[in-house]
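Only one structure is covered here, and it is reproduced in the block below.
The values are calculated or read from the model by the stated rules, or taken from the named source; none is laboratory data. The model shown is predicted, which means the values in this text are computed figures rather than measured ones. Heads up, the Cβs are rebuilt from the backbone with ideal geometry, glycines too, and the neighbour counts pull from every protein chain shown. Note: areas computed on protein heavy atoms with side chains; ligands, DNA, RNA excluded. Shrake-Rupley method; radii C 1.70, N 1.55, O 1.52, S 1.80 Å.
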Amino acid sequence: MTQTVFCVGHAVNDLVFSLPALPNAAQKYRANGFDTVGGGPAASAAVAVARLNGRALLATRLGDDPTGDEIIGDLEREGVDCSAARRFQGRRSALSAVIIDARGERMIVNHTDPDLSRDPDWIAAAMPSDVSAVLADITWPEGAHAALIEARRRGAPGILDADHPIPGARDVFKAASHLAFSAQGMRAYAGGDDLATAVRDAARETGAWCCVTDGARGVLVASPGSDAVSQVSGFDVDAVDTLGAGDVWHGAFALRLAETRDESDAVRFANAAAAIKVTRPGGRRGAPNRAETDAFLETRSAGDTFTSQSRSA
C-alpha cells in the first residue's frame, strides 16, 4: 500500500557553482562547473519520497514569479503533488547560491522573501485524509507547528527536520513526535558540542523520539523514556556531492516510518538513501529510487545497524 507523506516548508531554486575549494577570502573565484537544481528541505524530501514509491504532497510558500513557476514545474515532473503550494502576488520565490568543493562539501547562501505570508491557517485543510506521516522543516515555524499539531490530532507521525533551530520556536519542537537534528542544528539547539548528551536531553525536554544525523559518522538516537543513546552506523561511500543529502535522508525516514512505524528500520533505510545520493552530483537529482535503495541495503550486513551506548543521567 502506498503511503502518503505531507511535506511542509521550503522550496527553492539552487544556483550551484563547483570550485576546487570553498572560498576563504574576499576575492573573485572562477567556477569549474555550474548547474541549476531544485532545492529546499521540504521540497527535496518530497522528491525523495516520490522516488522511493511514496505519495508526496508539498505545502510551501512561493511568489508569483518565474522562479516559482520553475520550482513547481520541476517538482511536478518528479511526481510531487503541489496542489497545496501557495503563490503570493507581488512576492519573490526563494533562491540560493550554492558552492560545492572537490570533496563534495557545500556552502549555501539563501534568500527568502521576508514579506511572504506566514499565516498557516490553510495547512490543516490542505492535509489529505489518508496522510501516513507529516514531515516539516523549520524554515517556516508557523506552518511546521500547524502541520505537526494536525498530525498529532490524526495519530500520524509528525517529523520535524530541525536543521537550523530558530530561537523562540521551541513550541514547534514539542509538537513533533519525532525530531531529526543535523549535527550543526543539534549544536545550535543545545549550545554545546556533546551530541550524545544533547540528543538525550532533547528527548527528555520535548518528549519526542530524537536523533542527530552526522553524515558518514551515522546517527545518534534517543527516546524520551530512556537514558541510553544508540548509534546507527553510516555507510562508507565515496562522496561526490552532499547537497540535498540531509533532505533525502528526511524524506526516506518519513516514508519508511510511515510504512513500518519502526524507527531503527527507518533510520537505516534513510542512511542508505542518503549514502547513495552523496555518490552522485546534481543535488536532489541524485536521490535514489526504491529498487536502488533496497538493493543497496541487501549488500550490507545487518550488523552495522545499532551499537548501544549507555549514557548516565
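The table that follows gives values for the structure above.
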item	result
Over the chain: helical MRE at 222 nm, DSSP H runs n ≥ 4 each giving -39500 (n - 2.57), nearest 500	-10500 deg cm²/dmol
Considering only the stretch 1-129, percent of DSSP beta bridges that pair antiparallel, nearest 5	45
Farthest toward positive dipole pole in the stretch 147-196 [+1 Lys/Arg, -1 Asp/Glu at C-beta], among 166, 195, 183	166
At most 13 other Cβ within 10 Å, DSSP loop - trypsin sites (Lys or Arg not before Pro), the stretch 247-280	261
Mean accessible surface per residue for the stretch 165-313, computed with a 1.4 Å probe while every protein chain stays in place, in Å²	41
Estimated vicinal HN-Hα couplings, Hz - the stretch 103-119 in sequence order (Karplus 6.51, -1.76, 1.60; Gly, Pro = x)	8, x, 6, 9, 10, 10, 10, 10, 10, 10, 4, x, 9, 4, 4, 9, 5
Pairwise label distance in nanometres, residue 291 with residue 236, each label 7 Å out on the Cα-Cβ vector	2.9
Average accessible surface area per residue within the stretch 1-128, 1.4 Å rolling probe, Å²	49
The chain - charge dipole about Cα centre, Lys and Arg +1 at Cβ, Asp and Glu -1, debye rounded to 20	160
Listed residue (44, 143, 19) projecting farthest to the positive dipole end of the chain, Cβ model	143
Convex hull volume per residue in cubic angstrom - Cα atoms of the stretch 103-228	135
Dipole magnitude (debye, nearest 20) for the stretch 10-139, charges at Cβ of Lys, Arg, Asp, Glu	340
The stretch 161-288 - Kirkwood radius from inverse mean 1/r over Cα pairs (Å)	14.6
Cα Rg, Dmax, the chain, angstrom units	18.3, 54
Binned Cα-Cα distance frequencies in the stretch 77-160 - 10 Å width, integer %	14, 37, 32, 15, 2
Whole-percent carbon and sulfur share, accessible surface of the stretch 1-145, 1.4 Å	48
For the stretch 39-92, the Rg and Dmax computed from alpha carbons only, in angstrom	10.8, 36
C-alpha center-to-center spacing [the stretch 96-148, the stretch 256-279] in angstrom	20
Amide H partners (placed H, <5 Å) of residue 38, local residues excluded	14
Among beta bridges that DSSP assigns inside the stretch 57-188, antiparallel share in %, nearest 5	35
Square roots of five times the Cα gyration tensor eigenvalues for the stretch 119-169, Å	19, 12, 8
